[in-house]
Every structure is written in C-alpha cells, then in structure tokens.
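*Asks:* Okay, handing you the structure first.
The values are calculated or read from the model by the stated rules, or taken from the named source; none is laboratory data. Here the structure is a predicted model, which is why all the values come from computation and not from measurement. Cβ: placed from backbone, ideal geometry, glycine included. Neighbour counts: every protein chain shown.
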Amino acid sequence: MNFKGGQPLRNVLHTAVASLPAGWFPRYHKAAPGAPADDVLLALLQDLCRLPEPVVLILDTYEDASADACRWVEGQLLSQAGGSDRLRVVVAGQRVPAPEGTPWEEEAVTRELPPIDDLDDWCDYARRVHIVSAGHVDEISTLVKATRGSARMMGAMLSNLYPRGVPNGT
C-alpha cells in the first residue's frame with residue numbers, strides 16, 4: 001500500500017485489496033459499497049486475520065499517510081497484526097509509528113536505513129526512473145554530496161531537475 005500524495009485511506013485500501021485474490025476478502029467486498037468507513041475497515045481487518053495464506057502488507061511512504069490512515073494503521077491494523085500468525089506489516093517511510101507504549105510494542109522491530117551515498121546507485125536510479133543520461137554524473141555527484149545521500153532529499157532534487165519519464169540527454 002502506497003500512501004504517497006496523502007490519498008484517502010479508502011482509496012489506498014481499495015488499490016491494495018484489488019491486487020490480491022478477491023476470495024480472500026468476502027467481508028470487505030460485502031461492506032465496501034456504500035458502508036460507513038468504520039464498517040469497511042473492520043471488515044478488512046476481519047478478512048486479514050482469516051487469510052488462507054500468510055501475507056505481508058508493505059505500507060510505503062507512510063509520512064504521506066492521511067490522519068485517518070495513521071489512526072487506522074496505528075490503532076487497529078498493527079494491533080491485529082501483532083496477534084495474527086498470517087499477517088505481517090512493514091511500515092516504511094521517513095516517519096513511521098513509534099512502538100513504545102502500544103499494544104504491538106513487543107512484536108515491533110524497527111530499522112533505520114542509512115543514507116545512500118554510493119554515486120553508482122544514484123546514477124542507476126536516475127537513469128531508470130528519471131531517464132537521465134550518463135552525461136549528468138557530475139551533477140548527480142554534487143547532489144549526493146550536498147544531501148549526504150538522504151533518499152528523501154535526493155528524490156526531491158532529482159524530481160525537480162529531471163521530471164520522471166522525460167528524457168534528459170547530455
């Protein structure tokens with residue numbers, strides 16, 4: 001599930017559920033059309049806890065999650081996942097929920113990812129995502145040094161300099 005852009009929780013959930021077998025979410029599909037948001041969220045949690053196979057939900061760009069999404073993830077989803085042998089949740093982003101003092105604290109494992117200061121990694125990313133030619137290595141090197149490899153700052157800088165999908169030749 002990707003929270004990029006602060007999408008409404010209902011949209012994020014619909015996209016995630018659509019990528020998995022429909023038979024896994026009978027309560028969700030029954031409640032989704034027109035039901036109050038709380039009913040839909042409860043139905044989804046019930047389905048997630050009864051999955052026929054183990055599933056890992058990856059919540060990406062959590063720092064962009066709406067307030068409603070944060071309340072649901074931190075207040076309900078992570079608690080349910082902590083008590084489930086079929087559901088694991090990975091929360092990724094520049095800001096993630098703090099486990100201290102929560103019902104899921106005992107199950108939580110946190111990892112802080114270090115900056116990415118390898119120029120080759122950033123050049124490869126820039127070529128793949130931003131279609132930047134090899135002639136921009138010096139510019140990318142300067143950005144890596146200026147940002148100290150911060151993924152968030154590098155992503156913003158590259159997006160501003162080289163819009164995604166627009167070829168940027170030498």
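*Asks:* Is it fair to say Asp68 is modelled with pLDDT of 85 or more, among the acidic types (Asp, Glu), part of a loop (DSSP other than H, G, I, E, B) and out of contact with any Asp or Glu (no Cβ under 6 Å at 6 or more places or on another chain)? Steps first, please.
*Replies:* Details: modelled with pLDDT of 85 or more: yes; among the acidic types (Asp, Glu): yes; part of a loop (DSSP other than H, G, I, E, B): no; out of contact with any Asp or Glu (no Cβ under 6 Å at 6 or more places or on another chain): yes.
No, not satisfied.
*Asks:* Let me ask another. Do you know which residues across segment 102-128 are surrounded by 13 or more Cβ atoms within 10 Å (Cβ to Cβ) and more than 17 Å from Thr147 (Cβ to Cβ)?
*Replies:* Once the filter is applied, which keeps residues that are surrounded by 13 or more Cβ atoms within 10 Å (Cβ to Cβ) and more than 17 Å from Thr147 (Cβ to Cβ), segment 102-128 yields Thr102, Pro103, Trp104, Glu107, Ala108, Arg127.
*Asks:* Can you go through Pro103, Pro99 and tell me which one is more than 22 Å from Gln7 (Cα to Cα), within 19 Å of the chain's Cα centre (by Cα) and outside any helix (DSSP H, G or I)? First the steps, then the outcome.
*Replies:* Details: Pro103 fails: within 19 Å of the chain's Cα centre (by Cα).
Among Pro103, Pro99, only Pro99 is more than 22 Å from Gln7 (Cα to Cα), within 19 Å of the chain's Cα centre (by Cα) and outside any helix (DSSP H, G or I).
*Asks:* Test each condition in (1) within 15 Å of the chain's Cα centre (by Cα); (2) closer than 17 Å to Leu77 by Cβ; (3) surrounded by fewer than 15 Cβ atoms within 10 Å (Cβ to Cβ) for Asn2 and report the one that comes out false.
*Replies:* (3)
*Asks:* Let me ask something else. Filtering segment 34-85 down to residues that are β-branched (Val, Ile, Thr) and out of contact with any helix residue (DSSP H, G or I) (no Cβ under 7 Å at 6 or more places or on another chain), which residue is nearest to Leu9 (Cα to Cα)? First the steps, then the outcome.
*Replies:* Kept after step one, since they are β-branched (Val, Ile, Thr), are these residues of segment 34-85: 40, 55-56, 58, 61, 73.
Those still in the list that are out of contact with any helix residue (DSSP H, G or I) (no Cβ under 7 Å at 6 or more places or on another chain) too: 55-56, 58, 73.
Details: Val55: 20, Val56: 18, Ile58: 15, Val73: 10 Å.
So, considering only residues that are β-branched (Val, Ile, Thr) and out of contact with any helix residue (DSSP H, G or I) (no Cβ under 7 Å at 6 or more places or on another chain), the one nearest to Leu9 (Cα to Cα) is Val73.
*Asks:* Whether any residue in segment 71-87 is aliphatic (A, V, I, L, M) and loosely packed, with under 13 Cβ neighbours inside 10 Å is what I want to check.
*Replies:* no
*Asks:* Show the residue pairs meeting these rules: Cβ distance below 7 Å; 6+ apart or different chains; first residue within segment 107-132 and under 16 Å from Met154 (Cβ atoms); second residue assigned to a loop (DSSP other than H, G, I, E, B) and polar (S, T, N, Q).
*Replies:* From segment 107-132, the pairs are Pro115/Ser150.
*Asks:* A further question follows. Looking at Leu87, Leu78, Leu119, Leu113, which one is aliphatic (A, V, I, L, M) and at pLDDT below 85?
*Replies:* Leu113
*Asks:* Within the bounds of segment 22-36, is there any residue that is under 28 Å from Thr110 (Cα atoms) and surrounded by fewer than 17 Cβ atoms within 10 Å (Cβ to Cβ)?
*Replies:* Of all residues in segment 22-36, those under 28 Å from Thr110 (Cα atoms) come to none.
No.
*Asks:* Which residue pairs have Cβ atoms closer than 8 Å, lie 6 or more positions apart in sequence or on different chains, and pair a first residue in segment 77-95 that is in a helix (DSSP H, G or I) with a second residue that is aromatic (Phe, Trp, Tyr)?
*Replies:* Between residues of segment 77-95 that are in a helix (DSSP H, G or I) and residues that are aromatic (Phe, Trp, Tyr), the close pairs are Leu78/Trp104; Ser79/Trp104; Ala81/Trp104; Gly82/Trp104.
*Asks:* Then there is this: Residues to consider are Glu100, Glu112, Glu107; find the one that is touching a helix residue (DSSP H, G or I) at 6+ places or on another chain (Cβ under 7 Å) and among the charged types (D, E, K, R).
*Replies:* Of Glu100, Glu112, Glu107, the one residue that is touching a helix residue (DSSP H, G or I) at 6+ places or on another chain (Cβ under 7 Å) and among the charged types (D, E, K, R) is Glu107.
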